[in-house]
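The values are calculated or read from the model by the stated rules, or taken from the named source; none is laboratory data. Just so we're clear, the structure is a prediction, and the values are computed from it rather than from any experiment. All Cβ positions, even for glycine, are placed from backbone atoms using ideal geometry, and neighbour counts span all protein chains on display. Just the protein is used for accessible areas: all its heavy atoms, side chains included, with ligands, DNA and RNA removed. Shrake-Rupley method; radii C 1.70, N 1.55, O 1.52, S 1.80 Å.
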Amino acid sequence: MSKMKASTALVNVLKNWDIDHVYGIPGDSIDTVVDALRKEQDTIKFIHVRHEEVATLAASSYTKLTGKIGVALAIGGPGAIHMLNGMYDAKMDNVPMLVLAGQVPTSVANTKYFQEVDLPTLFSDVAVFNKQIEDAETLPDIVDEAIRTAYEKKGVAVLTIPNDIPLTEINHTVAAKQEVFQQVKPEISTESIAQAAELIKSAKNPVILAGVGTKHAKEALVQFSGHTKTPVIISLPAKGIMPDDHPNFLGNLGKIGTKPAYEAMQDADLLLMIGNDYPYTDYLPQESVKSIQIDIDPAKIGHRFPATVGIVGDAKEALTALIEATDYIATRAFLEASQENMANWWKWLREDEAKTTTPIAPEAVMAQVQKIADKDTIFSIDVGTSTVWSTRYLHLGPHNDFLISAWLGTMGCALPGAIAAKQAFPDRQVIAITGDGGFSMVMQDFVTAVGYKMPMIVIVLNNKELSFIKYEQQSAGELNYAIDLPDINYAQFAESCGGLGFRVETFDELEPAFKAARNASLPVIIDIAVDSNAAPLPGKIVMDEALGYTKFEIRSITEDHRFSKMPPLKTIIRRFF
């Protein structure tokens, strides 16, 4: 039997799974794997990032966009530790990822050697598959098992590889083949469909709460909503699953959701939870309200809200079955009232978007984004106030993608997401929207986008503070502390990296900068000095938040001896009553 290096066998397994790129940073304890990748660079591209966190955040984003497994690698010790943030993003958003972590040679293992860290213990919580390679002969089979397990369990598979093992000649050969993972879909119970159809028939105020589990079922969701005249609300990461301008759409639910969504949910007499595990149960109806839950994972049924009827299966198949099992409804008063409510909401947002003030309103920035965006633009959104403005003011259609760190909610995710988007879809427009707080955590990797010739537009909402934290403190009745950030000219930074930069400080400079960025062939940063007093208020201000703002204002007067600038009274009244 012919022999090959274990590292060659490893790369052959990656090729069999149609893995065509890897994010990472080379280094001594992973260099034997990197050398094998070098020999296959025509089929597997190595994307050298500047921080290992960016590698795993990009790998996670790639999978969210494509469904294909993302791969990242780094040395053991500090490199492996840096990768944890993106690994947890993948774990919590249920996307497959393969991580290859280097380790000290086996000859010095367990001797407290330089950079030696107990990686299997470190990764024990984040990984669905977690093994340290001890025998070179087993390496290709374990890599194959790791990838398969990551797909099956929708999580992170980690291989810790001592650097001497990939160099070993092994008897194992990896035959060229094409591995394709196919999710086994459970058969949907006809009884559960019939029971759900009866609930839908008797409901007067049904509401749909759709999540990312309906991403592949967009047409079926729209059809079912129209067939039953049911308003649709989404979870935040599901933005784009239903067009924002669809008449039955009420936006997303939660603190940064819409007021119509909150009010419709509170008035519902039937909740249809489809493909989501929505955690903020305070925003859901009273538990006495009947519910239908559709999820491919039986463990999710009834997890957050008592399910009167649970349908275990694929969302698209379940919705199609429910359309066939229910009668067409011509009109529904509840939907019409929700649509009227939503019309008022859009009217308020258009007023915000029309602001021409300096300092620049973030809402006006979103209006400019909309003007230059393509029908299939991929939006990569950071965590913070950029999440609020993007989610609330961007109008997405069926061909857009919306990337966000949903369950981990880690700052710094927008730029890695944009890098992954250009790798996945080089011909599509990519726009990243971030705050100065989030961008400054990963800004070094803008040069990665430049180096790999990835045209993109990075919009930095620069208010020289951690603005979302500011309003979190205020709504809790706390005084603002440790939120200020030094100003950085990110436009100059872009130029120093070899990209293009535009510094926008007045409203009149806004449109010309966006037009120039739209036509650029290089990565661009638009650094916008936005109004630090622009408040990302909840769509619906609940009583606890109102009391918190009141407490904050009283403490500002009594402890800081000043009046704090509050949002316009008209806005507060609209959101509260």
Exercise for review: Please give the contour-minus-distance gain from residue 324 to residue 376: 0.36 nm per residue of separation, less the Cα-Cα distance, rounded to one decimal in nm.
Suggested key: 15.6 nm
Practice item. Using a 10 Å cut-off on Cβ atoms, rank the peptides 114-123, 49-58, 181-190 from the highest mean neighbour count down. Key: 49-58, 114-123, 181-190
Study note, to complete from the structure: Listed by chain and number, the residues whose amide H is under 5 Å from that of residue 272, excluding neighbours fewer than 5 places away on the same chain and using placed H, are 207, 208, 209, 292
Check your understanding: Going highest first, how would you order 81-93, 246-258 by mean Cβ packing within 10 Å?
Key -> 81-93, 246-258
Check your understanding: Between the helical axis of 218-228 and the dominant principal axis of the chain, each derived from Cα atoms, what acute angle in degrees is found, rounded to the nearest 10?
Key -> 30
Study note, to complete from the structure: Cα extents of the chain along the principal axes, largest first, in whole Å, come to 74, 61, 47
Check your understanding: Sorted by packing (mean other beta-carbon atoms within 10 Å per residue), highest first, where do 206-215, 438-447 land?
Key -> 206-215, 438-447
Point to revise | the chain - charge dipole about Cα centre, Lys and Arg +1 at Cβ, Asp and Glu -1, debye rounded to 20 | key: 980
Review point. Per residue, what accessible area does the chain have, given a 1.4 Å probe and all protein chains present, in Å²?
Key: 41
**Study point:** Charge dipole (the chain, unit charges on Cβ, about Cα centre) - positive-most of 202, 286, 488
**Key:** 202
Review point. When the helices in the chain are scored as -39500 (n - 2.57) per DSSP H run of 4 or longer and the sum is shared across all residues, what 222 nm value do you end up with, to the nearest 500 deg cm²/dmol?
Key: -11500 deg cm²/dmol
Check your understanding: Carbon and sulfur: what percent of the stretch 342-398's accessible surface (1.4 Å probe)?
Key -> 56
Exercise for review: Taking H placed 1.01 Å from N in the peptide plane, check which residues at least 5 places from residue 360 or on another chain put their amide H under 5 Å from its amide H.
Suggested key: 531
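Probe radius 1.4 Å, ligands and nucleic acids ignored: give me the carbon and sulfur share of the accessible area of the stretch 63-172 as a rounded percent.
The value for the stretch 63-172 is 51 percent carbon and sulfur by accessible area.
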Check your understanding: So what J values fall out for the stretch 333-346 if you push phi through Karplus, 6.51 cos²θ - 1.76 cosθ + 1.60 with θ = phi - 60°, rounded to Hz, Gly and Pro as x?
Key -> 4, 5, 5, 4, 5, 5, 5, 5, 4, 5, 4, 5, 4, 4
Exercise for review: Taking H placed 1.01 Å from N in the peptide plane, check which residues at least 5 places from residue 432 or on another chain put their amide H under 5 Å from its amide H.
Suggested key: 380, 457, 458, 459
**Study point:** Under Karplus coefficients 6.51, -1.76 and 1.60, residue-wise ³J(HN,Hα) of the stretch 363-378 in Hz, glycine/proline x
**Key:** 5, 5, 5, 4, 4, 5, 4, 4, 5, 9, 6, 7, 5, 10, 4, 9
Check your understanding: Too long at a 31 Å Cα-Cα cut-off: which of 229/515; 91/470; 259/515; 45/215; 154/177; 316/515?
Key -> 229/515; 259/515; 316/515
Exercise for review: Select from 425, 73, 176 the residue farthest towards the positive end of the dipole of the chain; place +1 on Cβ of Lys and Arg, -1 on Cβ of Asp and Glu, and compute about the Cα centre.
Suggested key: 425
Review point. Farthest toward the dipole's positive end in the stretch 405-518, which of 405, 466, 438, given Cβ charges of +1 (Lys, Arg) and -1 (Asp, Glu) about the Cα centre?
Key: 405
Check your understanding: Per-residue accessible area for residue 216 at 1.4 Å probe radius, Å² rounded to 10?
Key -> 100
Practice item. Could you work out the local net charge near residue 364, counting Lys and Arg as +1, Asp and Glu as -1, over the other residues with Cβ closer than 9 Å to its Cβ? Key: -2
